[in-house]
Amino acid sequence: MQRRIALTREVSPALGRCELTHLDRVPIDVARAVAQHALYQEALRRLGCEVHCLPAEAELPDSAFVEDAAVVLPEIALLTRPGAESRRAEVESIAAALRPWRETVRVEAPATLDGGDVVVLGRQLFIGLSSRTSSAAVEQVGAHLAPFGYEVRGVPLRDCLHLKSGACAVGEDVVLVQPRWVEARAFGAAEPIAVDERELFAANAARVGDAVIYPTAFPRTRAILEERGIEVVAVDADELAKAEGGVSCCSLVFESRRSGAPGVPGAGAGTTEAMSGHRR
Ligand code: CIR
């Protein structure tokens with residue numbers, strides 16, 4: 001049976017020493033961040049996910065933001081090489097955790113990629129050319145995914161950390177966008193939904209099937225999503241947001257079984273987990 005998996009990691013006690021790019025450092029109440037993270041995982045369960053939570057990493061402040069370490073597609077998982085040096089050690093444990101579910105390929109040095117820069121819409125990957133992600137990574141990802149029929153393209157952005165700070169998929173072909181940071185037209189034929197202009201950080205949402213987990217901090221944009229027919233599960237995430245983390249970055253959500261493009265050897269719908277190995 002196909003199951004929906006959500007991979008997460010407990011909040012690090014060192015969260016206060018997180019990387020910050022566009023925010024000023026303010027004290028973070030780690031206990032409150034842990035409580036918000038627990039409710040976030042409850043939201044994942046409510047949306048049908050089987051949550052696999054890795055233990056906290058005391059020496060890796062940003063390690064709860066698992067989205068940045070990998071991009072999990074139906075056919076294969078990309079292991080990233082995060083742009084911030086302090087985050088590179090997060091990848092090995094994510095690689096190990098993904099091993100039962102997917103074969104993996106890696107972004108290799110000197111290229112850098114944060115998973116938070118990758119918006120997936122069907123067989124199109126849009127990769128933000130942020131301060132964390134290089135155009136060399138776009139080329140590597142394009143080469144890795146071409147056999148599976150993916151089209152990969154770089155997307156410019158301004159004034160925000162990751163592409164997913166400014167644009168997230170909220171449906172099969174629907175993108176929630178902060179137009180100050182990302183061009184709504186960057187996503188080809190996808191339908192853009194603009195955030196309410198009074199809610200600057202409102203474009204980040206965690207998509208789970210036809211629903212999204214979404215911060216309670218942005219009620220006006222939430223109403224826009226609901227009017228559009230998108231199911232919203234709202235969570236408090238303001239303590240995690242002090243570490244410049246959005247809701248999408250706290251999980252990797254994927255279907256348990258590997259599946260692939262017709263004609264791709266070993267990637268058919270009948271491929272079982274037991275058959276999927278690890279590839280570098
Ligand atoms: C960082 O700067 O890397 C972390 N403090 C926040 C990462 C958030 N990741 C994401 O939105 N994908």
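Tell me, how many Å apart are the Cα centres for segment 192-221 and for segment 18-61? Here the two parts' Cα centres lie 18 Å apart. If you take the square roots of the eigenvalues of the alpha-carbon gyration tensor of the chain and sort them as a ≥ b ≥ c, do you get rounded (a/c under 1.5), prolate (a/b over b/c) or oblate? Rounded. Rounded to the nearest whole Hz, the Karplus-based 3J(HN,Hα) values (6.51 cos²θ - 1.76 cosθ + 1.60, θ = phi - 60°) of segment 157-169 follow the sequence 8, 9, 6, 9, 5, 10, 4, 6, 5, x, 6, 9, 5, with x at glycine and proline.
Can you pull out the GluC sites (Glu not before Pro) in segment 69-158 that DSSP calls coil and that have at most 16 other Cβ atoms within 10 Å? Answer in residue order: Glu108. What shape does segment 1-92 take by its C-alpha gyration tensor, where a ≥ b ≥ c are the square roots of the eigenvalues and a/c under 1.5 counts as rounded, a/b above b/c as prolate, and the rest as oblate? Judged from the Cα gyration tensor, segment 1-92 comes out oblate (a/c at least 1.5, b/c at or above a/b).
Put simply, the amide H of Leu54, placed in the peptide plane, has neighbours under 5 Å in Thr8, Arg9, Glu10, leaving out anything fewer than 5 places away on its chain. For the peptides 57-66, 26-35, 42-51, 159-168, the ranking by packing is 159-168, 57-66, 42-51, 26-35, with the highest mean count of neighbouring Cβ atoms within 10 Å listed first.
Once a ≥ b ≥ c are taken as the square roots of the eigenvalues of the Cα gyration tensor of segment 85-130, is the result rounded (a/c under 1.5), prolate (a/b larger than b/c) or oblate (a/b not larger than b/c)? Oblate.
A 1.4 Å probe run over the chain, with the rest of the protein chains in place, finds 42 Å² accessible per residue. Within the accessible area of the chain, the carbon and sulfur atoms contribute 52%, probe 1.4 Å, all protein chains present.
Taking a span of 20 Å or more along the helix axis (Cα atoms) and a mean Kyte-Doolittle hydropathy of at least -0.5 as the rule, the DSSP H helices of the chain that qualify are 30-46.
The values are calculated or read from the model by the stated rules, or taken from the named source; none is laboratory data. All figures in this text were calculated on a predicted structure; none of them were measured in a lab. Neighbour counts are summed over all protein chains in view; Cβ atoms, including those assigned to glycine, are modelled from backbone coordinates with ideal geometry. Remember, those area values only see protein heavy atoms, side chains included, never the ligands or the DNA or RNA. Shrake-Rupley method; radii C 1.70, N 1.55, O 1.52, S 1.80 Å.
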